[in-house]
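These notes concern the structure reproduced below.
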Amino acid sequence: MTKEMKKILVTGAVGQIGSELTMELRKRYGAENVIATGRKTQPSEELRNSGPFHFIDVNKIETVEEMIQKYDIDTVYHMAAILSAVGEKNPQLCWDVNMNGTINILELGLKYEMTRVIIPSSIAVFGSGIPLDNTPQETVLKPTTMYGVTKVCGELLCDYYVKRFGLDIRGLRYPGIISYETLPGGGTTDYAVAIYYEAVDKGKYTCFVREDTKLPMMYMPDAIEGTIQLAEADFSKLKHHSDFNHAAMSFTAGELAASIKKYIPDFEVSYEPDYRQEIADSWPNSIDDSAAREEWGWKPQWDLDAMTKDMLEHLQERKEKGTLYR
Ligand code: AKB
């Protein structure tokens, strides 16, 4: 029987996924039961006004522990992380936040006998030597970025804590996540979000990866649904724990631009690959998520054109209100 989550702490709650995840968790579990935390970026008014918000630093274990004691936390969604592009600019920081932050959360999970800890991973765990199409759940993990290195270590560390200490930990390998609420920061897949904003704002976009670059992607509602679905799944049915491939769709940058052109025919795109091309080239074109489908019933709802329509409608509405970039 899977234990109930009552008091939830979200780290990285000001980030792209954390901010929308927090709002959804507040809807489902009650606003006062979901404690949002960030390191230094100011939260949106919606995030700050809808429930408790605090600044903490996941690298300073005492700041996290204070929150756990104050709110009697039994579940942590650990969303704080340095992503791939920033990680390549500052590998030491990436290691520090992603590894030391993670082990701090795991240690506190043990100390306070937590009901559940959710720690996401990424397609960045993959690197050289993989089949690029439909990359299997179990394959060689040889990432070529520091972000990927920390995500592989994180998965192994989580699985170790499950096996050695019986801590209930779950995690999924996110593809690039596309959303209109909060801009992503410092990832390689950020072009797939920026392209929508620039299409609405300026009608043109210079993409930092080649037109034929194909990566696994997902619309935010699917990412949030999948994350909560995994967190609520029956633990006894899970064969994997911290490393579920999590897929929805895969497309090239050119196919993404073509999808936008269906709605904005004059949209112009040029391609000027930078250092992020090499990162994108080291990742799969598409991934096989059959373990997630079999073990906890994962099924995505959004495809490329439906997502494009929804993204453009929301961003157009924001542009008209003068709050496109908020
Ligand atoms: C990134 O691009 O670094 C992230 C990811 C795929 O984990 N969006």
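The values are calculated or read from the model by the stated rules, or taken from the named source; none is laboratory data. Computed from a predicted model, the values in this text were never measured in an experiment. All Cβ positions, even for glycine, are placed from backbone atoms using ideal geometry, and neighbour counts span all protein chains on display. With ligands, DNA and RNA removed, areas are computed over all heavy atoms of the protein, side chains included. Shrake-Rupley method; radii C 1.70, N 1.55, O 1.52, S 1.80 Å.
Summary table below
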item	result
Answer from Lys262, Lys214 - the residue that is open to solvent by 10 Å² or more (accessible area, probe 1.4 Å) and over 28 Å from Ala85 (Cβ atoms)	Lys262
Residue that is farthest from Tyr174 (Cα to Cα) [pool: residues in segment 71-96 that are open to solvent by 10 Å² or more (accessible area, probe 1.4 Å) and within 13 Å of the ligand (Cβ to nearest atom)]	Lys89
Selection count, segment 147-178, where residues are away from the ligand (no atom under 11 Å from the Cβ), in contact (Cβ under 8 Å) with a residue 60 or more places away in the chain and assigned to a loop (DSSP other than H, G, I, E, B)	3
Restricting segment 282-317 to residues that are more than 20 Å from the chain's Cα centre (by Cα) and among the hydrophobic types (A, V, I, L, M, F, W, C), the residue that is least open to solvent (accessible area, probe 1.4 Å)	Leu315
Residues (open to solvent by 10 Å² or more (accessible area, probe 1.4 Å) and in contact with a Leu (Cβ under 8 Å, 6 or more places away or on another chain)) located in segment 120-131	Pro120
Members of segment 110-129 found to be more than 17 Å from Lys60 (Cβ to Cβ), more than 16 Å from the ligand (Cβ to nearest atom) and in a helix (DSSP H, G or I), listed by number	Leu110
Hey, Asp212 in contact with a Phe, Trp or Tyr (Cβ under 8 Å, 6 or more places away or on another chain) and either in contact (Cβ under 8 Å) with a residue 60 or more places away in the chain or not in a strand (DSSP E or B) (or both) or not	no
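Residue by residue, here is whether (1) within 30 Å of Lys6 (Cβ to Cβ); (2) more than 16 Å from the ligand (Cβ to nearest atom); (3) aromatic (Phe, Trp, Tyr); (4) within 23 Å of the chain's Cα centre (by Cα) holds:
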| position | (1), (2), (3), (4) |
| --- | --- |
| Asp222 | yes, no, no, yes |
| Gly226 | yes, no, no, yes |
| His241 | yes, yes, no, yes |
| Asp266 | no, yes, no, no |
| Lys319 | no, yes, no, no |
